[in-house]
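Since the structure comes first, as structure tokens, the remarks are kept for the end.
Where a number appears in this text, it was derived from the coordinates with a stated rule and is not lab data. Predicted model, so just to flag it, every value in this text is computed and none were measured. Here the Cβ positions follow ideal geometry from the backbone for every residue, glycine too, while neighbour counts run over all protein chains shown.
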Amino acid sequence: MTGNEKHKMIFSEFCDRLISDGAYQSEEDGHVYRKDGRILSRQGRNGYYTLRKQYDGVTYYFMEHRVVYYMKYGKFNEDLQINHKDFDRTNNRIENLELMTAKENINYSVDAGRKVVRKGAQNKRAAFTEDEVRLIRYLKKNGWLSKQIRSMFNNITTETTINRVV
């Protein structure tokens, strides 16, 4: 390794090092603290708390709720998400966190009435109405090129969007 290259720690290494340095999670407020009692996290604009810690001249940033989950349960599949059961991004108490897939996380919100997923023309950002979608699919099925269909809509969309409809 040259002087300019620095080892980038993976998430589990970061957490293990934090723990070996004496970091702990407070049961009172759910945040992670240094051995000396100073809080390690800061709240971002998105509402989540992020841990910031420097090791070997490199500053690392990780989501606090992920670190809290690791501190309690150890290594987990990092492709999975940590859900806040009460929908409060600031509540990182371990009893409020659960591991799940992205799909399960979305369904959790939908089932609780917190997130309404609108598909197709029901989505307020939809590029086309249901009738236009049927027309595009019919034209593509009958040999029309996306470029030709795009020109029918006065080029207000992209060929990629037309291909996604199909």
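Just subtract the alpha-carbon distance of I19 and Q54 from 0.36 nm times their residue separation and send over the number in nm, one decimal. Before the final figure, lay out the partial values.
Details: separation 35, 0.36 × 35 = 12.60 nm, distance 1.41 nm.
Roughly 11.2 nm would be gained on extension.
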Q: Can you tell me the FRET efficiency between F153 and N123 if r is taken as the Cβ-Cβ distance and R0 is 22 Å, rounded to the nearest 0.05?
A: 0.80
Q: Grab the Cα-Cα distance for D111 and L80, subtract it from 0.36 nm times how many residues apart they are, and report the gain in nm with one decimal.
A: 9.2 nm
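Using the beta-carbon distance between E130 and N46 and R0 = 35 Å, what value does 1/(1 + (r/R0)^6) give for FRET efficiency, to the nearest 0.05? Walk me through the numbers on the way to the answer.
Working: r = 34 Å, r/R0 = 0.97.
The computed FRET efficiency comes out at 0.55.
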Q | Answer label, with semi-axes √(5λ) of the Cα gyration tensor in Å calculated from the coordinates and candidates [x] 22, 21, 16; [y] 25, 22, 14; [z] 46, 22, 13 | A | [z]
(Q) Using a 7 Å offset from the Cα along the Cα-to-Cβ direction at both F11 and R137, what is the distance between the two label points in nm, to one decimal? (A) 3.7
(Q) Nearest 500 deg cm²/dmol is fine: what mean residue ellipticity at 222 nm does the chain get from its DSSP H runs of n ≥ 4 alone, each adding -39,500 (n - 2.57), divided by its residue count? (A) -9500 deg cm²/dmol
